[in-house]
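A.B. asks: Have a look at the structure that comes next, please.
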Amino acid sequence: MIAKVALPVPKIGPFDYEIPEGMQLGVGHRVKVKLGKRTLWGIVVALREKPEHRGSLQPVLDDGGLVVPYWELPLFEELSRRYFVSLGMALERSLPRTARVRARRFALGVPLREAQEFLEELKVRAPAQARALQRALAGPVEERMLRAETGISPSAVRALVRKGLLRPESLPFSFPLREAPKRVRLTTDQEKALEAVISGLGHGRKYLLFGPPAAGKTEVYLRAARFALERGWDVLFLEPEVSLLPQLWTRVQNALSSAEVSPRLYFGEMPPGERWRTWGDILRGKTRVAVGTRSAAFLPFGRLGLFILDEEHEPAYKQEEMAPHYHAREVGEFRAAAEGAGLLLGSATPSVESYFRAEQGEYELLELSERVAGEAPEVRAVPLGSEEAITEFLREAMERHLSAGGQILLFLNRIGFFTGAACRDCGAVLRCGLCEVALVFHLAEKGFRCHACGHSYPETKCSRCGGQKFRLFGMGTERVEYEAKRLFPRARVARLDAETAPRRAEILQALAEGTVDVLVGTQMVGKGLDFPRITLVGVINADGLLSAPDFRAGERTFQLLLAAAGRAGRGERRGEVVVQTNNPDHYAIAYALRGNYRALYDAELSFRRELLYPPFGKLVKLLFEGKKAEERAGRYAKALSKEGLEVLGPARLLPLRGVQRYQILVRGDEEVLERLRAAIPEVPTNTKVDPNPMWIG
């Protein structure tokens, strides 16, 4: 027998290999083979009686077992074709690597005194759980030893984790927020949405759930998921960022965990062994519910019934770093068509393209018209200060809310202390020598850093004149945190951004427990989170969001502002939102202040229709990198123009880590990708093709 093996090499493959006698291989197995002088691991994508090529064949050296089910291979073949990357590379970059699973250890999820109080209750109501908790009081313990010493079942351990009394140490976050399961009565809109979703399970139908912040979208997700599980289907929940996982994870555990169902996590920051454990358990049918980020879209469920994409408009669902440049939404659409899963997209601010598709009937539009938690916050726009991060109006609002016992969220989508520096002698802006990006000053490091390549500059001088004195300007989250602590020395202030993300669990837990009064953060705190004590949201600089060189800048500004505003007033007290801006009349900001999505949508459509931008046209980005990037970009721009394609560019991008970059955009109709494929059958080295770029420039 012959195995066709897809290997992680560009452009070519799959390759034929001979299966040694006695080796039981199947499609989807990971195998070790020789390619020239290299030894590689690849995926078996087909079995044949005879080879396609003449000559002697190399044997398969080792069988690593089943990794991907046969029914998912067409998905990877489509991604390979669509994104101009070999099938082997598509598989290599989407599947987890086989890794040794470390023994899982459990520790207390609450302070010792609180655990002792719960222990007395459990001794009466749940003796098995009490024995496990009693053992955990002595210190972290491996699951196998915990069960052996106490004689308890896995369900007792899961129950303690669900209650927040135990937490698995192997996860990169623990979020022992104990939200008591709520009995929620659905609104009429929620009931209609739920009925529509459950009626389409198993039929591959696609839905867009649209409603304002706090309209109860999560409750619809959970009810639909419970219905699917009761009828034997598997369920997948996706969030765009890790910071949104803990709260959804807690609610999924509360709503869906049982002796038969144990939800699992899957995302990039997990230890490789944990990722492989989750993947393997799903592959073997031992896990029926998972919560994760973008990479979880490929989890190999055998009976996927519901694929839920929360905050569907978020750019983080797009794989930007490397090919294939897939979007989790398109993976969900493929799996809906191939596996019959229902695809449920949810957002208070859907992407313009998704809402347009709903209007065209490609998605079924489900609308939630009213909030179910709290009332809409009062929103005000105030002028930006010239230098101050927190204006007098926002400071007075913070005083009122802190005095009343409320919590405050301050949102700014820039990290660092000062976001720029100019030479006092010649005025030149201080830039990275590798990327030409303006350097950012970090107070904790007392130095500058490039946010493109990460290179630090503890000692700096002007590249133009050699000067060593600089005028610092701009503001980032470090500066806002500093100002908040200076203005309110008694307030407990925390910061959550890319710098402090490793401590996200600790910070979010403190916010949930009320031991943080003011949280400063970037977009990771400006969306999706639900903390009823937050009564004031301050947007430090709304104008900075508009400066991106991208036709979606207005749309993204609106989405971030509305998401940040949606964090206020989810409890009993009405919330307040203060937006600092010098452009209150810009359509994106004006409509965000009024919470008017449809007005924003109409404004976006009007200019996109004229310019043939999505959803009225297709854009394909070709990114050329390396020493001859400019020459190659120019050559391909001319060649594609001669083929009758509309080409925008070439345009120079700032270099990244010293590597030169140029891009061209090809604009056209639905057939533009196939026309491009005919013109460029094979993509040249150091060139990336993205048929649906989320960022231009």
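A.B. asks: Rounded if a/c is under 1.5, else prolate if a/b beats b/c, else oblate: with a ≥ b ≥ c from the C-alpha gyration tensor eigenvalues square-rooted, which is the range 599-656?
C.D. replies: Oblate.
A.B. asks: As an exercise, find the ratio Rg/Rh for the range 357-397 from alpha-carbon atoms, using the Kirkwood inverse-distance average for Rh.
C.D. replies: 1.30
A.B. asks: Just to check I understand the Karplus step: with θ = phi - 60° and J = 6.51 cos²θ - 1.76 cosθ + 1.60, what whole-Hz values come out for the range 312-328, glycine and proline as x?
C.D. replies: 4, 7, 5, x, 5, 6, 9, 7, 8, 5, 8, 6, x, 7, 6, 10, 4
A.B. asks: May I pose another question? Cα-based Rg of the range 544-680 per 2.2 N^0.38 Å, rounded to two decimals?
C.D. replies: 1.39
A.B. asks: Once you charge only the Cβ atoms, +1 for Lys and Arg and -1 for Asp and Glu, what is the size of the charge dipole of the chain about its Cα centre, to the nearest 20 debye?
C.D. replies: Approximately 1740 debye in magnitude.
A.B. asks: Amide H neighbours of residue 287 under 5 Å, at least 5 residues apart or on other chains, H built in the peptide plane: list them.
C.D. replies: 282
A.B. asks: Sticking with this one: Looking at the chain, what % of its DSSP beta bridges pair antiparallel, to the nearest 5?
C.D. replies: Working: 55 of 103 bridges.
Antiparallel bridges: around 55 percent, rounded to the nearest 5.
A.B. asks: Then there's this: Which percent of the accessible area of the chain is formed by carbon and sulfur heavy atoms (probe 1.4 angstrom)?
C.D. replies: C and S fraction of accessible area: 48 percent.
A.B. asks: Peptides 573-586, 389-402: what's the order by average Cβ count within 10 Å, highest mean first?
C.D. replies: The densest-packed peptide leads the list: 573-586, 389-402.
A.B. asks: I'm checking a number: the convex hull volume of the Cα atoms of the range 53-104, normalised per residue, in Å³. What is it? Don't skip to the answer; put the middle values down first.
C.D. replies: Numbers: hull volume 7.1 nm³, N = 52.
Output value, Cα hull per residue: 137 Å³.
A.B. asks: Which value, in Å³ per residue, describes the convex hull spanned by the Cα atoms of the range 289-365?
C.D. replies: 101
A.B. asks: Accessible area per residue of the chain at 1.4 Å probe, in Å²?
C.D. replies: On a per-residue basis, 44 Å².
A.B. asks: Let me ask something else. Checking the a/c ratio against 1.5 first, then a/b against b/c, what shape does the Cα gyration tensor give for the range 241-308?
C.D. replies: The shape class here is rounded.
A.B. asks: Kindly state, as a whole number, the per residue volume in cubic angstrom of the convex hull around the alpha carbon atoms of the range 111-257.
C.D. replies: 150
A.B. asks: Given R₀ = 60 Å, FRET efficiency for residue 370-residue 630 by Cβ-Cβ distance, to 0.05?
C.D. replies: My answer for the efficiency is 0.65.
A.B. asks: Still on this structure: Taking amide H positions as placed in the peptide plane 1.01 Å from N, state which residues far from residue 520 in sequence (5 or more) or on other chains have amide H under 5 Å from it.
C.D. replies: 410, 494, 495, 496
A.B. asks: Residue 415 accessible area, nearest 10 Å², 1.4 Å probe?
C.D. replies: Here the residue's solvent-accessible area equals roughly 30 Å².
A.B. asks: Sticking with the crude label model, points 7 Å out along Cα→Cβ, report the distance from residue 100 to residue 148 in nm, one decimal please.
C.D. replies: In this crude label model, residue 100 to residue 148 measures out at 1.8 nm.
A.B. asks: Further question: List the GluC sites (Glu not before Pro) within the range 283-352 that fall in a DSSP loop (any state other than H, G, I, E or B) and whose Cβ has at most 10 other Cβ atoms within 10 Å. Each step should come with its number before you reach the end.
C.D. replies: Details: sites: 311, 312, 320, 321, 330, 333, 339; in loops: 311, 312, 320, 321.
The qualifying sites are 321.
A.B. asks: Another question, then. Explain nothing, just compute: Karplus ³J(HN,Hα) = 6.51 cos²θ - 1.76 cosθ + 1.60, θ = phi - 60°, for every residue of the range 145-153 in order, whole Hz, x for Gly and Pro.
C.D. replies: Couplings: 5, 4, 5, 5, 6, 10, x, 9, 9 Hz.
A.B. asks: Set the Förster distance to 25 Å, then compute FRET efficiency between residue 269 and residue 437 from the Cβ-Cβ distance, nearest 0.05. Walk me through the numbers before you get to the answer.
C.D. replies: Values: r = 25 Å, r/R0 = 1.01.
Efficiency, rounded to the nearest 0.05: 0.50.
A.B. asks: Shifting gears a bit: What is the extension gain from residue 393 to residue 38, computed as 0.36 nm multiplied by their sequence separation minus the C-alpha to C-alpha distance, in nm to one decimal?
C.D. replies: 121.3 nm
A.B. asks: Here's something else I'd like to know. What is the range 428-484 by shape, rounded, prolate or oblate, if you read a ≥ b ≥ c off the alpha carbon gyration tensor as root eigenvalues and call it rounded for a/c under 1.5, prolate for a/b larger than b/c, and oblate otherwise?
C.D. replies: It is prolate, given that a/c is not under 1.5 and a/b is the larger ratio.
A.B. asks: Here's something else I'd like to know. What share of Cα pairs, in percent, lie more than 36 angstrom apart in the chain?
C.D. replies: Roughly 48 percent, rounded to a whole number.
A.B. asks: Only loop residues by DSSP count here, and only those with at most 14 other Cβ atoms within 10 Å; note down the trypsin sites (Lys or Arg not before Pro) in the range 217-251 that meet that.
C.D. replies: Within the range 217-251, the qualifying trypsin sites (Lys or Arg not before Pro) (loop, at most 14 other Cβ atoms within 10 Å) are 231.
A.B. asks: Another question, if that's okay. Given 0.36 nm per residue, what is the gain on full extension from residue 594 to residue 657 after removing their alpha carbon distance, in nm?
C.D. replies: My answer for the length gained is 18.5 nm.
A.B. asks: For n ≥ 4 DSSP H runs only, could you compute -39500 (n - 2.57) per run for the chain, divide by its residues and tell me the 222 nm figure to the nearest 500?
C.D. replies: Details: 20 runs with 218 residues, N = 697.
Value at 222 nm, helices only: -9500 deg cm²/dmol.
A.B. asks: Right, something else. Label-point separation (nm) for residue 203 and residue 400, each offset 7 Å from Cα along Cα-to-Cβ?
C.D. replies: 5.0
A.B. asks: Just grab the label-to-label distance for residue 184 and residue 471, each label 7 Å out from Cα along the Cβ direction, in nm (one decimal).
C.D. replies: 5.2
A.B. asks: Over all directions, what mean area does the Cα convex hull of the range 563-614 project, stated in square nanometres?
C.D. replies: Answer in nm², one decimal: 4.7.
A.B. asks: While we're here: What ranking, highest mean first, results for peptides 287-295, 444-452 when packing means the other Cβ atoms within 10 Å averaged over each residue?
C.D. replies: Details: 287-295: 23.2, 444-452: 16.3.
So the peptides 287-295, 444-452, ranked by packing, come out 287-295, 444-452.
A.B. asks: OK, next. Under the rule of at least 5 residues apart or a separate chain, name every residue whose amide H is placed under 5 Å from the amide H of residue 64.
C.D. replies: Residues meeting the amide H criterion: 30, 31, 32.
The values are calculated or read from the model by the stated rules, or taken from the named source; none is laboratory data. Treat the numbers as computed from the prediction; the structure is a model and nothing was measured. Every residue, glycine among them, receives a Cβ derived from its backbone with ideal geometry; neighbour counts consider all protein chains shown. Quick note on the areas: whole protein, heavy atoms, side chains included, nothing else; ligands and nucleic acids left out. Shrake-Rupley method; radii C 1.70, N 1.55, O 1.52, S 1.80 Å.
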